Amino acid sequence: MMDVTSGVRKGWFSWVFRGSAFLHILAAVFMLCVLAQTTKGSLIVRSTYISANQTLVVISWFASSLAILSVIVTFTVLTFALDKTYRPLLQWAWMISVIGGAAIFLNHFIQMTVISALSELFILMPSPELASHMYEWDKLLQQVIGVFSPSCFAISGLIYTAVMFRTRDFPSSLSWWSFLIWTILLTGAIVFRWEQEAEQVLLGVAIFIYIPWLWYAADQVKPHFTK
């Protein structure tokens, strides 16, 4: 009976990590093929694209939201999988990730509602005042998505990584891999103020190496989760 229960728990653990990897692949595809187009060109070009592809844009933001939610779920699992001595510290790290995730969800909701509506209005009645208003929204949301939220997830991820190093029999390769991911993400948040394109590249690199980390972690961390 205990073996069956253990197998179910292991299967659930693998599903969480590999499901998160799949969601990040899906979100990355939408980001490259759809959301990237909403940030290129003049305001009228961007507004026209958003208005003409409103459903696809909304789906893309929703896919991104699911990927972010999966990160929080993954951290939740790690909170119970890693050394329980550090669980209070991990709970603080988890809360930091929730704050960062909430900021991203708010950003995505605004993008799907307010920005979408403003884009349609700008196409119908373009004006300098409305353009200025939309640029102010852009500046605010860029700080959320480019600095605040990535910093929250990076700090949270680095705390989890520190506990990985302190967890007995936890693969050191997996710990260093995790350290690299969150360091790159934090670096991107830091350089965003001076070079936004560099931040986007670093974010892409972090996601690129985070996906295989999730897949590898699904098998490597299972024994710790079932203890």
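Using the membrane-span-like helix rule (whole DSSP H runs, Cα extent along the own axis of at least 18 Å, mean Kyte-Doolittle hydropathy at least 1.0), which helices of the chain qualify?
What comes out of the filter, once short or polar helices are dropped, is 54-81, 87-110, 149-166, 172-191.
Please compute the length gained on full extension between Ser132 and Phe62, using 0.36 nm multiplied by the number of residues separating them and subtracting their Cα-Cα distance.
Length gained, Ser132 through Phe62: 22.5 nm.
Under a GNM of the chain (C-alpha, springs under 10 Å), which listed residue has the highest mean-square fluctuation: Met112, Met125, Met164?
Met125
log10 I(q)/I(0), Debye, Cα-only the chain, no solvent, q = 0.15, 0.16, 0.18 Å⁻¹?
Debye curve over Cα of the chain, log10 I(q)/I(0) at q = 0.15, 0.16, 0.18 Å⁻¹: -0.98, -1.08, -1.29.
So, in nm, how far is label Phe105 from label Leu140 when the simple model puts each one 7 Å beyond its Cα toward the Cβ?
2.0 nm
How much length, in nm to one decimal, is gained on full extension between Gln220 and Met95, taken as 0.36 nm per residue of separation minus their Cα-Cα distance?
Roughly 42.5 nm would be gained on extension.
Determine by what factor the alpha-carbon radius of gyration of region 96-227 differs from 2.2 N^0.38 Å, reporting the quotient.
Here the answer is 1.34, to two decimals.
Rg and Dmax of region 20-143, using alpha carbons, in Å: what are they?
17.7, 60
Using +1 at the Cβ of each Lys and Arg and -1 at the Cβ of each Asp and Glu in region 7-220, identify which of Ser173, Ile190, Gln37 lies farthest towards the dipole's positive end.
Of Ser173, Ile190, Gln37, it is Ser173.
Counting each DSSP H run of 4 or more residues in the chain as -39500 (n - 2.57), what helix-only mean residue ellipticity at 222 nm follows after dividing by all residues, to the nearest 500 deg cm²/dmol?
-28000 deg cm²/dmol
So if I place +1 on the C-beta of Lys and Arg and -1 on the C-beta of Asp and Glu, and nothing else carries charge, what would the dipole magnitude of the chain be about its Cα centre? I want it in debye, nearest 20.
In total the dipole reaches around 780 debye.
Dipole of the chain (Lys/Arg Cβ +1, Asp/Glu Cβ -1, origin at the Cα centre): which of Ala154, Leu23, Leu78 lies farthest to the positive side?
Final value for the positive-end residue is Leu78.
At a Förster distance of 30 Å, what's the computed FRET efficiency of Val201 paired with Leu121, Cβ-Cβ distance as r, to 0.05?
Computed FRET efficiency for Val201 and Leu121 comes out at 0.35.
Using Cα springs under 10 Å in a Gaussian network model of the chain, which residue among Val147, Val57, Val114 shows the largest mean-square fluctuation?
The residue that fluctuates most here is Val114.
For the chain, which whole-number percentage of the solvent-accessible area (1.4 Å probe, protein heavy atoms only) is attributable to carbon and sulfur atoms?
71 percent
Please give me, ordered by residue number, the trypsin sites (Lys or Arg not before Pro) of region 118-192 that lie in loop per DSSP and have at most 14 other Cβ atoms within 10 Å.
In loop regions of region 118-192 (DSSP not H, G, I, E or B), the sparsely surrounded trypsin sites (Lys or Arg not before Pro) are Arg168.
The values are calculated or read from the model by the stated rules, or taken from the named source; none is laboratory data. Keep in mind that what you see is a predicted model, and the values were worked out from it rather than measured. Because the Cβ atoms are built from the backbone with ideal geometry, glycine has one as well, and the counts that use them run over all protein chains shown. Keep in mind that these areas ignore ligands, DNA and RNA; they rest on the heavy atoms of the full protein, side chains included. Shrake-Rupley method; radii C 1.70, N 1.55, O 1.52, S 1.80 Å.
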